[in-house]
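All remarks here apply to the structure that follows.
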Amino acid sequence: MREDKDREAGDGFDGTWVAHPDLVSTAQVEFDRVLGKRPNQLERQRPEVSVTAADLLSVPETPGEITESGIRQNVSVGIQYLASWLRGTGAAAINNLMEDVATAEISRSQLWQWVNHGRADRDRVLAIADEEVASLPAQDRLEEARTVFEQIALADEFVEFLTLPAYDLL
């Protein structure tokens with residue numbers, strides 16, 4: 001965690017998220033080391049980077065390839081997090097990382113974009129979900145989580161937030 005916070009501060013971030021309040025002091029040491037007495041790193045602008053709103057909205061023009069590994073990770077993390085959330089846990093240890101609703105939201109949003117912009121195949125996502133759920137140890141609410149995740153990640157219209165349909169299951 002210390003190395004991660006050192007990297008973030010060195011990359012120009014002014015603050016960070018931690019998984020538990022006991023980790024605040026460790027993160028603060030790394031940021032204080034980089035920031036010193038300064039409140040931010042606004043001097044670390046990137047004037048050579050020019051991005052328009054159209055650039056940000058052009059999913060088909062996004063560089064990089066969509067990989068099977070990336071799809072698999074998004075499916076697995078999204079389903080596992082939702083299962084944990086349905087069991088009442090807001091932050092869950094998944095693959096030795098502390099994941100929260102933001103990570104699951106990113107996972108399902110990426111899948112939704114990839115499928116709806118023709119960069120990933122819906123049937124392949126469903127097949128991967130079959131494989132990932134089969135590989136996980138039995139746990140409460142896993143099938144419900146999978147149903148919700150597939151519902152929101154593969155919907156025709158983008159669902160505003162991934163936990164909204166899950167509230168009906170609480």
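FYI, it's all coordinate maths here, none of it is from the lab. The structure presented is a predicted model; accordingly, all values stated were derived computationally and were not measured. Glycine gets a Cβ as well: all are built from the backbone with ideal geometry, and neighbour counts include every protein chain shown.
Data overview
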item	result
Tabulated pairs, the range 35-64, first within 23 Å of Ala9 (Cβ to Cβ), second of a type in the set (S, T, N, Q) and surrounded by 10 or more Cβ atoms within 10 Å (Cβ to Cβ), C-beta under 7 angstrom, 6+ apart or interchain	Leu35/Gln41
Members of the range 20-61 found to be closer than 30 Å to Val115 by Cβ and not polar (S, T, N, Q), listed by number	Val49, Val51, Ala53, Ala54, Asp55, Leu56, Leu57, Val59, Pro60, Glu61
Residue ID - surrounded by the fewest Cβ atoms within 10 Å (Cβ to Cβ), chosen from residues in the range 3-27 that are hydrophobic (A, V, I, L, M, F, W, C) and not in a loop (DSSP other than H, G, I, E, B)	Val24
